[in-house]
Structure formats: structure tokens, C-alpha cells
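Q: Below is a structure I'd like to ask you about.
FYI, it's all coordinate maths here, none of it is from the lab. What you see is a predicted model; the values in this text were computed from it and never measured. Here the Cβ is made from the backbone with ideal geometry for all residues, glycine too, and neighbour counts use every protein chain on show.
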Amino acid sequence: MNDNFITLNANDFEKAIANSTTIILDVRTADEYRSGHIPNAINIDMSRPDFEKRLSKHKTLAVYCKNGVRSKMTAIILANRGFRVVYLDGGITEWEKAGKTTE
């Protein structure tokens, strides 16, 4: 696996996103995002060819989706393109199971 890619559980992901240099990316659909998301997360359509132009390689990207499938694929792509990425194993489903806050 790529050195720029780290898989985290909900507790460690929560610690990682507490850092002000981390951008939280929700890669679910807009409807899923509106139904509840991790505080301060931005919703970004990773299927757009120019999606990474909105992202900085100077910040860590914390990526999640519903169950982890879409976000893991996205995390791998971003890491291979030189971004530092942390990935929430199990997605927002695991986040909520761990009793973490959503908005």
C-alpha cells in the first residue's frame, strides 16, 4: 500500500480530523450528505474529472463514505496522486456505531 494512505478506525479518525490541517471529505451523494454527515465535512463529487483541483496537497485529506467502499477507492486514487490521505474504515456507518457526532 502507498505510504500516503492510512486506514483508521472511528476513534483514530476522530483524532485525525481534530487537526486544523485536515480536510474532511464526504464522497457520498449530495442526498446522503444532507441526511447526516461528520461535522465540518465537505461533500465532493469524486466522479468529476476536475475534483482534485479543489484539494490541497499541503493538507491531509480525511475521506469517508457510507460503508467504506467508495471512500477506499477514492483514498487510493488520491494517495497515488500524491495526497496524504486517512480513510475511515467502515465509513459513517462505523462512525455512528461508535457513537460519534453527525450533523
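Q: Among (1) out of contact with any His (no Cβ under 6 Å at 6 or more places or on another chain); (2) within 16 Å of T102 (Cα to Cα), where does D26 come up short?
A: So D26 meets the others, but not (1).
Q: Next up: Regarding A62, is this residue in contact (Cβ under 8 Å) with a residue 24 or more places away in the chain and either over 18 Å from A98 (Cβ atoms) or out of contact with any Gly (no Cβ under 8 Å at 6 or more places or on another chain) (or both)? Break it down into steps so the answer makes sense when it comes.
A: Working: in contact (Cβ under 8 Å) with a residue 24 or more places away in the chain: yes; either over 18 Å from A98 (Cβ atoms) or out of contact with any Gly (no Cβ under 8 Å at 6 or more places or on another chain) (or both): yes.
Yes, satisfied.
Q: Does at least one position in the stretch 40-52 carry a residue that is touching a helix residue (DSSP H, G or I) at 6+ places or on another chain (Cβ under 9 Å) and closer than 18 Å to N9 by Cβ?
A: yes
Q: Could you tell me which of the residues S71, S56 is polar (S, T, N, Q), closer than 18 Å to N4 by Cα and under 12 Å from the mean Cα position of the chain (by Cα)? Working first, answer last.
A: Values: S56 fails: under 12 Å from the mean Cα position of the chain (by Cα).
When all the criteria are applied, what remains is S71.
Q: Now for a separate question. Residues that are of a type in the set (A, V, I, L, M) and crowded, with 17+ Cβ neighbours inside 10 Å, at least 2 per element: which helices (runs of 4 or more DSSP H) completely within the stretch 1-100 meet that? Lay out the reasoning, then the answer.
A: On the way: elements: 10-17, 30-34, 69-80, 91-97.
Ranges flagged: 10-17, 69-80.
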